[in-house]
Amino acid sequence: SEKDIRTACKTRSGYVWIVDDTLYYSDNAGESFRPIRALPSTADLFMSEDNRHGISCQYENGVVITNDNWQTVTRIPTPYDQGLIRAENYPGRIWWNFERCYRVYLTDSLYLLYQCADWFLTRRDTIQWQLLPEQGVSSIIANPENGKVVVLKGNHVLQTTDFQSYDSLSLDNINAPCVLLGVVNGQLYGIYGIPSDSVFCIDLKEGTTKFG
């Protein structure tokens, strides 16, 4: 029977990965796929532009990494495993699943994971998680033009290389909240508006409305 696709990832060179409970891989921009391995309960997956290094998280406190396009995997500890997520850190959320993982990301030197209700980061060579210094980040995406990391914090679109210092990409003339970041045809867009009302898409380089 058909299964629902849980997540997907695409690199600029046209390599594509999709996951239901099995990870599938395409090297021809999605024209055909072949299975690589089982990845049950996958919440998110992210691959580097060399198409070999990747990170994936499972919903229930599981993170695995690969250095050979998922031919082999290594499980790494999570922030929860390392004692960074405790009930007292989230008062009033007694119902919260503190182990739950949602999103992953990687750079040349860092892994990032959204677990419980916060983004955490660690160096790839040490696996010692810490809270992302810039808290309140809701979205992380790669800028397709320069490979830098673009984050959405509140209504501010910020760009960084190290998650220590940031440059603003926000557009001063947009009188609406930015709710999501995305890439369309190699261009970085911010999606602005009220989801329950109306939204429109702004090219963050040109400042022009492309969709909406």
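Read-outs throughout are calculated quantities, based only on the coordinates presented, and are distinct from any laboratory measurement. All figures in this text were calculated on a predicted structure; none of them were measured in a lab. Methodologically, a virtual Cβ is constructed for each residue, glycine included, from the backbone with ideal geometry; neighbour enumeration extends over all protein chains shown.
Per-structure values
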| quantity | calculated |
| --- | --- |
| Spin-label model distance (nm) - Phe98 vs Asn155, 7 Å beyond Cα toward Cβ | 3.5 nm |
| Share of Cα-Cα pairs in region 15-79 lying beyond 16 Å, as whole percent | 41 percent |
| R0 of 25 Å, Cβ-Cβ distance Lys148-Asn89: FRET efficiency to nearest 0.05 | 0.25 |
| Computed over the chain: relative contact order in percent, which uses C-alpha pairs under 8 Å that are six or more apart | 9 percent |
| Two-decimal ratio, the chain, of alpha-carbon radius of gyration to 2.2 N^0.38 Å | 1.05 |
| Sequence-distant aspartates and glutamates (8 or more away, or on other chains) whose Cα lies within less than 15 Å of Lys148 | Glu49, Asp108, Asp162, Asp167 |
| Cα-based Kirkwood hydrodynamic radius, region 1-46, one decimal, Å | 10.6 Å |
| Fluctuation leader among Glu99, Glu145, Glu60 - the chain, Gaussian network, Cα springs under 10 angstrom | Glu145 |
| For region 66-150: rounded, prolate or oblate by the Cα gyration tensor [a/c cutoff 1.5] | oblate |
| Ranked packing of 65-74, 25-34, most packed first, by mean Cβ within 10 Å | 65-74, 25-34 |
| Neighbour net charge for Tyr15 - beta-carbon separation under 11 angstrom, K R +1, D E -1 | 0 |
| Spin-label pair Leu110/Asp68, simplified geometry with 7 Å Cα→Cβ offset, distance in nm | 2.9 nm |
| Inter-label distance for Asp162 and Arg124, nm, one decimal - labels placed 7 Å from Cα along Cα-to-Cβ | 1.8 nm |
| Separation of alpha-carbon centers, region 40-70 and region 106-131, rounded to whole Å | 13 Å |
| FRET efficiency, Arg34 to Arg75 (Cβ-Cβ, R0 22 Å, nearest 0.05) | 0.40 |
| Potential lengthening between Ser26 and Lys10 on full extension [0.36 nm per residue; Cα-Cα distance subtracted] | 4.8 nm |
